[in-house]
1. Scan the stretch 37-61 for residues that are modelled with pLDDT of 85 or more and more than 14 Å from residue 88 (Cβ to Cβ) and report the count.
2. Can you tell me how many residues in the stretch 71-81 are modelled with pLDDT under 85 and in contact with a helix residue (DSSP H, G or I) (Cβ under 9 Å, 6 or more places away or on another chain)?
3. Got a sec? Which of 116, 84, 100, 64 is assigned to a helix (DSSP H, G or I), buried (at least 16 other Cβ atoms within 10 Å of the Cβ), in contact with a helix residue (DSSP H, G or I) (Cβ under 7 Å, 6 or more places away or on another chain) and at pLDDT below 85?
4. When the stretch 1-36 is examined, which residues are found to be more than 22 Å from the chain's Cα centre (by Cα), surrounded by 11 or more Cβ atoms within 10 Å (Cβ to Cβ) and modelled with pLDDT under 90?
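The values are calculated or read from the model by the stated rules, or taken from the named source; none is laboratory data. For clarity, every value in this text was computed on a predicted model and none was experimentally measured. Glycine also receives a Cβ, built like all others from the backbone with ideal geometry; neighbour counts cover every protein chain displayed.
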């Protein structure tokens, strides 16, 4: 029997291919969602540190420059100052994370730690 000519075998190949593609797509989405939650939390930590309980941070802070250097040295080169500005803004745009939570139905907001968690 030549499986390449068998239509049910071709259906099997197609089903496996569709399942693989769906799995790969979901894996990429899951990683992106985890990155988003991670960056939101980092943005929150930066804002909390900057403001230290005050409504606004002090102007002229060199925090992001120093933080960029230290995080890059300790972890990797992805912690540029502009990247830290971006994730800080992410938290400022979604301070409670409600919009993120609605988009990521398998996440929740830890009210005790005030962070997004999986």
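1. 1
2. The number of residues fulfilling the criteria is 1.
3. The match here is 100.
4. Matches in the stretch 1-36: 6 only.
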